[in-house]
1. Tell me the angle of helix 171-183 to the major Cα principal axis of the chain, expressed in degrees between 0 and 90 and rounded to the nearest ten.
2. Find how much the distance from TYR10 to ALA109 grows on full extension, using 0.36 nm per residue of separation minus their present alpha carbon separation; answer in nm with one decimal.
3. Quick check: the angle from helix 25-34's long axis to the longest principal axis of the chain, C-alpha only, nearest 10 degrees?
4. Which value in deg cm²/dmol, rounded to the nearest 500, describes the helix-derived mean residue ellipticity at 222 nm for the chain, given -39,500 (n - 2.57) per DSSP H run of n ≥ 4 and division by the residue count?
5. Residues with amide H under 5 Å of TRP142's amide H, sequence separation 5 or more or different chain, H placed in the peptide plane at 1.01 Å from N; which?
6. Would you mind checking the radius of gyration and Dmax of the stretch 168-219 based on alpha-carbon positions, in Å?
7. Which number comes out as Rg/Rh for the stretch 48-171 once both Rg and the Kirkwood Rh are worked out on C-alpha atoms?
8. What is the spread of the Cα atoms of the chain along each of their three principal axes, largest first, in whole Å?
Amino acid sequence: CFSPDLLPLYDLRGQVAVIVDILRASSTIVTALGEGVTHVFPVASLEECTAYGQQHGCLTAAERDGLPAAGFDLGNSPFGFLEASRPVRGRALTISTTNGTAALRRSLAAEAVVVGAFLNLAAVADFARQQGRDVLVVCAGWKGQFCLEDTVFGGALAERLAADFDVSSSDATLAALHLWQQGKTNLPAYLLQSAHVRRLNSLEASQDFEFCMRVDAYAGVLPLWQDDRLVDAAL
Ligand code: MLT
């Protein structure tokens with residue numbers, strides 16, 4: 001699914017929904033859980049993020065248009081969870097971003113909702129393989145528009161699952177697979193052409209892009225949506 005706006009065309013019931021926003025919400029959520037954050041509560045609005053943080057005493061993170069939103073503990077950079085000056089281990093987090101958290105919340109009709117990134121590709125593939133269900137990769141995109149990096153992730157996942165699933169069953173999967181095969185030998189170089197990478201570079205956040213390209217940096221981390229929160233389902 002190239003954009004959450006296309007979700008009404010899909011029947012999520014009984015499926016595994018893999019929510020991907022490589023730059024940067026899904027990469028940030030995987031990093032947060034990989035660095036010891038206990039639970040992640042994705043919310044749609046900044047007001048909800050503020051209220052949830054006050055009500056639960058948890059860390060708050062918010063981003064709009066690629067920039068940290070004012071008045072929150074963190075923005076939407078994975079590096080925010082790697083700073084020794086701000087210990088995050090053992091803390092819960094509520095987060096609201098431009099695209100990724102909205103895509104997640106719009107996918108809750110699925111049988112299972114997991115958060116995917118290049119950072120935890122193997123964990124997502126292992127989970128999908130074990131479920132024996134159809135898998136729908138929901139690309140967060142940018143404000144409803146296609147994002148190259150999210151679809152390339154879908155192709156990378158399709159390649160990992162090619163022995164277990166019929167990846168030729170949809171043109172979208174085939175297109176994603178071909179894009180991945182085009183770029184996989186040098187992923188950062190291939191994705192430099194992405195609109196959002198150029199946007200992040202103009203915001204002086206290019207180091208985020210390089211970090212989000214680290215395939216399987218968090219091999220054992222699988223953010224799985226359960227009840228009303230994301231939990232780290234270590235495999
Ligand atoms: C998001 O993660 O929702 C957005 O793609 C924006 C960003 O973090 O740059």
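Since every read-out is calculated from the coordinates, none of them should be taken as a lab result. Bear in mind that the values here come from a model prediction, so they are computed numbers and not experimental data. Heads up, the Cβs are rebuilt from the backbone with ideal geometry, glycines too, and the neighbour counts pull from every protein chain shown.
1. Compared with the principal axis, the helix lies near 80 degrees.
2. Separation in residues times 0.36 nm, less the Cα-Cα distance, equals 34.6 nm.
3. 70 degrees
4. -10000 deg cm²/dmol
5. Sorted by chain and number, the residues that satisfy this are CYS147.
6. In order Rg, Dmax, the Cα atoms of the stretch 168-219 give 13.0, 40 Å.
7. 1.01
8. 47, 38, 31
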